[in-house]
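To start, the structure itself, in structure tokens.
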């Protein structure tokens, strides 16, 4: 039986997941407009390259497997290059084709895992908060992490957009 | 009596509003680091100035009074300058002091209105969707708009950040 409680819960999950998917769709649309050469350029003088930012977003999305307790990460080695170090670290980066492939793979598997989650799972604590803190701040659940990461992706998309020649706001 | 339904609903609202407030706090922190002269500069060559983006974000946040049906807008005239026209339109812009004042005022009044909303209000349709469409897509409610605008703010914050001299990711 569908209770009002279930309806509300499903609605909120739909809001969070659909906003997440919207950002992925937008970023994929942006990537489709850029050649590899354009993506490799700096988004602004002395600022991160599009390649670095795509690797960074891939590493952060891959981290969701951990935060949302969805199993092992697919590309944990990306953290060293794209999270713990800067674009100018001198560390060898994967090719753009490999970064794009990882980006798409992470999103495909995340989508499968999201679809398999039970609604109640989203309201449990994420892996980076202690049980004590979660008892005090019960809104810091898995849905919250997804929304936080959606905003984070928007933030860097605002920068990657600068690689496209003509843009509006 | 607090029902499980109420607890879940309150939790959703807390997640959405706290992420919104986090973006405002971050943008205010960024603004505190920038002189007016720095804010007036372009965020990247031939890209929107910080002033324009702050006016743009103020106009979009002011638009929430309409979308969330919270009463009259405070600064509807900003739309012409910061939404309907580009940074290089030649339209006279308000002073930075006036834009900052509008930005703060909009956020203060929005906060008051949010606090006065009943939980159920957030799950009603926003003003820009028809009743028919809302019946088909009930997740397009007021909470959804707030999350969408939170991501939008993150997007432009990623650009305004480029005005600060030294940044990480």
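Quick note: the coordinates plus some simple rules give every number you see, no bench work behind them. The structure displayed is predicted, hence computed values, not measured ones. Note that we place each Cβ from the backbone using ideal geometry, even for glycine, and neighbour counts take in every protein chain shown.
Values computed for the structure shown
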| item | result |
| --- | --- |
| Segment A:32-81: proportion of alpha-carbon pairs further apart than 17 angstrom, % | 45 percent |
| Distances in nm from residue A:76 to the matching label points in the other copies, shortest first (labels 7 Å along Cα to Cβ) | 5.7 |
| Cα centroid of segment A:36-55 to Cα centroid of segment B:56-119, whole Å | 32 Å |
| Cα-based radius of gyration of segment B:53-94 once divided by 2.2 N^0.38 Å, which approximates compact folds | 1.16 |
| Shortest-first distances to equivalent copies, position residue A:46, nm, label 7 Å out along Cβ | 2.2 |
| Mean Cα-pair separation over length for chain A, i.e. relative contact order, pairs under 8 Å, 6 or more apart, % | 30 percent |
| Protection proxy ranking of A:130-143, B:59-72 - average other beta-carbon atoms within 10 Å, highest first | B:59-72, A:130-143 |
| Label geometry 7 Å along the beta-carbon vector: residue A:5 inter-copy distances in nm | 1.1 |
| Over segment A:119-169, relative contact order from alpha-carbon pairs under 8 Å, at least 6 apart, % | 29 percent |
| Convex hull volume per residue in cubic angstrom - Cα atoms of the protein assembly as shown | 153 Å³ |
| Folded to 0 to 90 degrees: helix B:142-160 orientation relative to chain B principal axis, Cα | 20 degrees |
| Per-residue average of Cβ from other chains inside 10 Å of B:37-47 | 2 |
| For residues of B:14-23, the mean tally of beta carbons on other chains within 10 Å | 5 |
| Percent breakdown of C-alpha pair distances by 10 Å bin, ordered from the shortest bin, for segment A:38-167 | 12, 38, 31, 16, 3 |
| Cα convex hull volume per residue for segment B:4-97 (Å³) | 121 Å³ |
| Whole-number Å³ per residue for the convex hull built on Cα positions in segment B:113-169 | 125 Å³ |
| Using alpha-carbon coordinates, inclination of helix B:4-32 to the longest axis of chain B, degrees | 10 degrees |
